[in-house]
Amino acid sequence: MSGSQSNLILPMKSANLNPKGVDGGKRVVKILDRCLEIHQMPGNLDNVSTVQQRIASLAQRSPEFAFTSLAHYMTLEWLESAYHATRKDGAAGIDDMTGKQYAENLEENLRALHERLKSGTYKAPPVRRKHIPKGTSGETRPIGIPTFEDKIVQRAVVMLLEPIYEHDFYGVSYGFRPGRSAHQALAVVWEAMMEVKGGWVLEVDLRKFFDTLDHKQLQEFVSRRVHDGVLRRLIGKWLNAGVMEAGNVSYSDEGTPQGGVISPLLANIYLHYVLDDWFEQTVKPLMRGKCRLIRFADDFVIIFEKKHDADRVIAVISKRFEKYGLTVHPEKTKLIDFRAPYHPERRWEEQSNNAVKSGKRPETFDLLGFTHYWSKTLRGKWAVKRKTMKSRLARSIQRIDQWCRKNMHKPVQMQWKTLCAKVRGHYAYYGITGNMQSLGSFVLQVKRRWKQWLNRRNSERDMTWEKFNLLLKCYPLPAPKIVHSIFKRNCHEQISCSNNKIQ
C-alpha cells in the first residue's frame, strides 16, 4: 500500500485502531479497503455523484474517523461541476463580476482557479455587505455577498463535506440540507404537538448567531471529522476574509457572513455539536415525558410533554450556549403553554381556578413565517393550525406596493405577468393547509395596491373599481391555492424520525 493511499483516512486516536480486539482489527481492514476503492477511481471524476456516494458510505461506516485526504478530488472537472451548481443570477461581489461575465471565458478562468488552489496561493476576497429589510419596523439584516469565483470554490468544498456530515447530522435539523425543507420541519412540529396534545413549547432565539459564531470553536468542530489541511485552510481563509462596507474592510475573529455558499453548512456543523448532539445524547434520556427538538438553521423550538422537563432545560440552555460564545435573547426566548383546550390538565387547572366558563385559549408562537395556534376544524375537533405571521404578510404586501410604484408606467400586460409570478411565489411557500384566509387577504391587498398605482398613472385618476374589475377579467391574478398539505399521515412518508440519525 502506497503512502498516498494509506493517508486517505486515519483514526483520530490510536486506541481506535482495534477497539474490540480481533473483530475491531478486521473492521479497520475493511474500512481501509474501502478507502482504496475511492482512491483508485479515475482522475477525471466524470460522475461526481458516485464519488460523493462513496465518501458518504465511508463516513457512515466509520463515524469515529477523520478524513485526511479530500482536496485532491477538487480537479478541474470537479470545479466545473461546482460552477454548474452555482447560481448565475446572484448579486456580484467586490470585483463586480457576474456569472454571465465569468462564463465568457469559463475554461481559462477555471484553469487559473485550479492552479491557484493546487499551489495554495488562492486568496479569499472580502465579502460585500448588503443590508436587507428584516421586517416592517425598519430593521435590516446584514448579508455577505462573495465574489462569483469564491462561490464556485465554496460550492466545491461543500460538495466534498456534505456527504460526510449528512451521515453525522441528526434528523432534527432541516435547514439548508439536501432533500429537506422548511415545510418538512413544519410537518414535524405539527406531528409532535398533536402527539402530546400541544404540550409546552420552548421558543429560543439566538442573538446574532451568524455574527457571533466563534472561529476557533468552529475549526475545532470541523477537525473532528476533517483533518485535510487544504480544506481547513480554505475554511480559515473564508472566516478571516473580512467584510467590505462603504469601501472599508473590517475583520473579526467571530462570525460567518450570511449569504456565503459555505455558511449554512458551517452553521449546521456548529449547532450540531453545540445543540443537536447535546440534546439527543445528554438531555433527552433524562426527560420524564416525550420531547422533541426541531431546528431550521438557527431557528428552533423544543416541544415538551411535561412542564417539569421544560423547566429543567430552560435552567441550563443559556449556559450551554454561553459556553460556545452564543447568547440567548432573554426577551424573545420564552416557554409557551400550548396545551390543547381539551387537555385534561388544562381543564383541571381552569376548574380549580373557578374558570370553567373562561374558554381560555392556549398561547400562540411563531416559527418559519407561520403563527401556530389551536382552532376547531370543520368537523368540530380541535387541531393545530397555521397562518401567515402578521409581520411576514405586511412585509410581502409592502414589497408588492414598492414594486407597483416603481413600475406603474410599464405596460399593463408586463405588470400582470410579474405580479402573477410574485403571487404564485407567495402561494408556493405560504400555501399550507388552514392558511386560505391569509392567502385571500394577500391577493386582495395585491389587487388594491395594483389599482392604486394604476390610478396614479395620469392626473385624471379614472381607475375606478368598476374599470379595474373589468381589467381583472382580462388579466386575472392567480386564486389562492393550497400547495402543501401538512398532516400526520404524510410525516412518516417524507421525514426521518427526529430521534435517529439519517440512515
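The values are calculated or read from the model by the stated rules, or taken from the named source; none is laboratory data. All figures in this text were calculated on a predicted structure; none of them were measured in a lab. Reconstructed Cβ throughout: ideal geometry from the backbone, glycine too, with neighbour counts over all protein chains shown. For accessibility, only protein heavy atoms count, side chains too; no ligands or nucleic acids. Shrake-Rupley method; radii C 1.70, N 1.55, O 1.52, S 1.80 Å.
What to note about this one:
- Distant-in-sequence amide contacts of ARG141, defined by a placed amide H-H separation under 5 Å and a gap of 5 or more residues or a different chain, comprise ILE132, LYS134.
- For ARG128, distant residues with modelled amide H under 5 Å away: ILE94, ILE145, MET244
- LYS381-LYS481 FRET efficiency (beta carbon distance; Förster radius 25 Å; 0.05 resolution): 0.50
- Surrounding net charge for PHE365, when Lys and Arg each add one and Asp and Glu each subtract one, Cβ distance under 9 Å: -2
- Spin-label model, THR327 to GLN101: label points 7 Å out along the Cα-to-beta-carbon direction sit 3.9 nm apart.
- Each label point was placed 7 Å from the Cα along the Cα-to-Cβ direction; for ASP89 and SER250 their separation is 3.2 nm.
- Cα gyration tensor of region 245-324 - equivalent ellipsoid semi-axes, whole Å, descending: 32, 13, 11
- P(r) histogram, all alpha-carbon pairs of region 167-326 included - 10 Å bins from 0, percent: 9, 36, 33, 16, 5, 0
- The simple spin-label model puts a point 7 Å past each Cα toward its Cβ; for TYR373 and ARG424 those points are separated by 3.1 nm.
- Isotropic mean projected area of the C-alpha convex hull, region 47-115 (nm²): 6.2
- Accessible surface of region 62-148, 1.4 Å probe, proportion on carbon and sulfur as whole %: 50
- For the peptides 460-467, 112-119, the ranking by packing is 112-119, 460-467, with the highest mean count of neighbouring Cβ atoms within 10 Å listed first.
- Cβ-derived FRET efficiency at R0 22 Å, GLN402 paired with ARG207, nearest 0.05: 0.15
- Gain on full stretching of the segment that runs from ARG233 to ARG461 - 0.36 nm per residue minus C-alpha separation: 75.8 nm
- Both radii were evaluated on the Cα set of region 252-399; the Rg over Rh quotient, with Rh as the Kirkwood radius, amounts to 1.02.
- Using the alpha-carbon positions of region 178-268, Rg (one decimal) and Dmax (whole number) come out as 17.7, 54 Å.
- Each peptide in 167-175, 324-332, 469-477 receives the mean, over its residues, of other Cβ atoms within 10 Å, and ordering these scores from highest gives 167-175, 324-332, 469-477.
- Charge tally for LEU471 (other residues, Cβ to Cβ under 11 Å; Lys, Arg +1; Asp, Glu -1): +3.
- Pairs exceeding 28 Å between alpha-carbon atoms, taken from LYS208/LYS481; LYS208/LYS237; LYS151/LYS216; LYS410/LYS467; LYS134/LYS290; LYS208/LYS406: LYS208/LYS481; LYS134/LYS290; LYS208/LYS406.
- Quick note on region 156-220: its Rg to Rh ratio, both from C-alpha atoms and Rh being the Kirkwood radius, is 1.05.
- Net charge, ARG405 excluded, C-beta distance under 9 Å - Lys, Arg +1, Asp, Glu -1: +2
- Once the convex hull of all Cα atoms in region 109-200 is built, its volume per residue stands at 174 Å³.
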